[in-house]
Amino acid sequence: MRSHTSTVAPDWTHASSARLWRPPLGARPWWIVIGLALALVWLPRVGGDYLFSAVLVPWLVLSLAGLGLNLLTGYAGQLSVGSAAFMCVGAFASYNLLLRLPGLPLPAGLLLGGAVAAAFGVLVGLPSLRIKGFYLIVSTLAAQFFVPWLFVRFGWFSNHNPSGVISAPRLVVAGQDLSSPAGRYLLTLAVVLLLTLLARNLANGDIGRQWRAVRDMDTAAEVIGIPVRRAKLLAFAVSSFYLGVAGALWAFAYVGTVEPHGFDLARSFQVLFIVILGGLGSVAGAFLGAAFMVLFPILLSNLATQWLAGLIDPGNFENAQKIVLGSLIIFILIREPEGLWRLLQRRWQRWRSWPLSAP
């Protein structure tokens, strides 16, 4: 896989970049404030249930999953096709923690579920100390097949449910019931905002620089004193934490009930496509890629309902949708291999320099 340079220009001093917490507002704080006000105050008041349940919540959860994989693959250069396995571990760990520790707050259950996924990620990431590339993909693929088998084989993980299904607990935070579509959206949005800010600071700090050095050439990184082994395992841990929290939100805030096979290989490839389409090594790219993967099938479905009703058999429509989506992904990658975020950046730079820029 080709290497990529970071699309976010770090402009902090070395001392400040070592801190994980930095103010979220940048050079243009006004649009961030407006965006947050719209997302936190305006949308919950005017949005419908379909908008929250079918569009915004899955978009936010998949963005978080894409962000987790991007930290591992885009920044640290470690390949993985086991994203759904880490999501599955996070979902079932959060479920069991909330079930077996009465009184545990929901946010703590989500974060601890992510921590369990992070520990599992370190275990899966151990082979990265000896192998890389295609062989590392095979290692993560093994985890992808092992985790669903484990959770189906041992009923304790699903509280001995005969079908292996786990159900979302009561979504209550600080006495507020968040079971409604708008409540589940606010819960997901709050978690995604906090973890996105943390990922941004990680990517632009010392840890992110170490990851990029390992990604570009691990031998050279070791020569200049970067702890390569620790950087790789930390990338697996952080990535798995994000994927674990995303898995818990997928189970609790989106689908409500989920079984281990709900986190299958297709889900891993969906997260991988989000990263590749959005842009490797880009925080914003994860959100763009997830938006494409969530919104484009909905757009296709609406167009087919309005314009192609009766022309395509409903049984074949899903296959036709996959063909169109796959063809469009190939076209985008040929047109802009560095992803949608890079494409937008180039358009923006061209627009700013118009009419001096080339057409």
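Values for this structure:
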{"read-out": "Selection from the stretch 212-245 of residues that are under 22 Å from Leu136 (Cβ atoms) and under 18 Å from the mean Cα position of the chain (by Cα)", "value": "Leu234, Ala235, Phe236, Ala237, Val238, Ser239, Ser240, Phe241, Tyr242, Leu243, Gly244"}
{"read-out": "Residue within the stretch 199-218 that is within 28 Å of Leu43 (Cα to Cα) and aliphatic (A, V, I, L, M) present", "value": "yes"}
{"read-out": "Inter-residue pairs, beta-carbon under 6 Å, first within 16 Å of Pro58 (Cα to Cα) and in the stretch 276-291, second open to solvent by 20 Å² or more (accessible area, probe 1.4 Å) and hydroxyl-bearing (Ser, Thr, Tyr), 6+ apart", "value": "none"}
{"read-out": "Tally, over the stretch 179-194, of residues that are open to solvent by less than 50 Å² (accessible area, probe 1.4 Å) and outside any helix (DSSP H, G or I)", "value": "0"}
{"read-out": "Residue list for the stretch 200-258, restricted to those being surrounded by 23 or more Cβ atoms within 10 Å (Cβ to Cβ) and of a type in the set (S, T, N, Q)", "value": "Ser239, Ser240"}
{"read-out": "Only one of Gly164, Gly114 that is touching a Phe, Trp or Tyr at 6+ places or on another chain (Cβ under 7 Å) and modelled with pLDDT under 90", "value": "Gly164"}
{"read-out": "Filter result (modelled with pLDDT of 75 or more, among the aliphatic types (A, V, I, L, M) and either farther than 27 Å from Leu51 by Cα or exposed (fewer than 13 other Cβ atoms within 10 Å of the Cβ) (or both)) within the stretch 304-342", "value": "Ile323, Ile330, Leu333, Ile334"}
{"read-out": "Failed criterion for Ala174 (all others in (1) among the aliphatic types (A, V, I, L, M); (2) modelled with pLDDT of 90 or more; (3) exposed (fewer than 14 other Cβ atoms within 10 Å of the Cβ) hold)", "value": "(2)"}
{"read-out": "All positions within the stretch 178-199 that are touching a helix residue (DSSP H, G or I) at 6+ places or on another chain (Cβ under 7 Å) and either modelled with pLDDT under 90 or of a type in the set (Gly, Ala, Ser) (or both)", "value": "Ala182, Ala199"}
{"read-out": "Hey, Tyr135 of a type in the set (Ser, Thr, Tyr), over 30 Å from Met217 (Cβ atoms) and part of a helix (DSSP H, G or I) or not", "value": "no"}
{"read-out": "Qualifying residue in the stretch 69-86 (condition: among the small types (Gly, Ala, Ser), out of contact with any Pro (no Cβ under 6 Å at 6 or more places or on another chain), at pLDDT below 95 and over 26 Å from Gly289 (Cα atoms))", "value": "no"}
{"read-out": "Filter pass, Gly103 being open to solvent by 20 Å² or more (accessible area, probe 1.4 Å), farther than 27 Å from Ile137 by Cβ and not in a helix (DSSP H, G or I)", "value": "yes"}
{"read-out": "Among (1) part of a helix (DSSP H, G or I); (2) open to solvent by 10 Å² or more (accessible area, probe 1.4 Å); (3) modelled with pLDDT under 90, the one test that Ala266 misses", "value": "(3)"}
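Each row is one residue, and each column tells you yes or no for (1) outside any helix (DSSP H, G or I); (2) farther than 24 Å from Leu277 by Cβ; (3) open to solvent by 20 Å² or more (accessible area, probe 1.4 Å); (4) of a type outside the set (Lys, Arg).
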site: Ala37; (1), (2), (3), (4): no, yes, yes, yes
site: Ser53; (1), (2), (3), (4): no, no, yes, yes
site: Pro58; (1), (2), (3), (4): no, no, no, yes
site: Leu62; (1), (2), (3), (4): no, no, no, yes
site: Gly77; (1), (2), (3), (4): yes, no, yes, yes
site: Phe86; (1), (2), (3), (4): no, no, no, yes
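Residue by residue, here is whether (1) open to solvent by 10 Å² or more (accessible area, probe 1.4 Å); (2) within 20 Å of Asn70 (Cα to Cα) holds:
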| position | (1), (2) |
| --- | --- |
| Gln270 | yes, yes |
| Val275 | no, yes |
| Ser282 | no, yes |
| Leu300 | yes, no |
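The values are calculated or read from the model by the stated rules, or taken from the named source; none is laboratory data. In this text, all values refer to a predicted model and were calculated from it rather than measured experimentally. Don't worry about glycine lacking a Cβ; one is built from the backbone with ideal geometry, like all the others, and counts go over all protein chains shown. Ligands, DNA and RNA are excluded from the accessible area calculation, which covers all protein heavy atoms including side chains. Shrake-Rupley method; radii C 1.70, N 1.55, O 1.52, S 1.80 Å.
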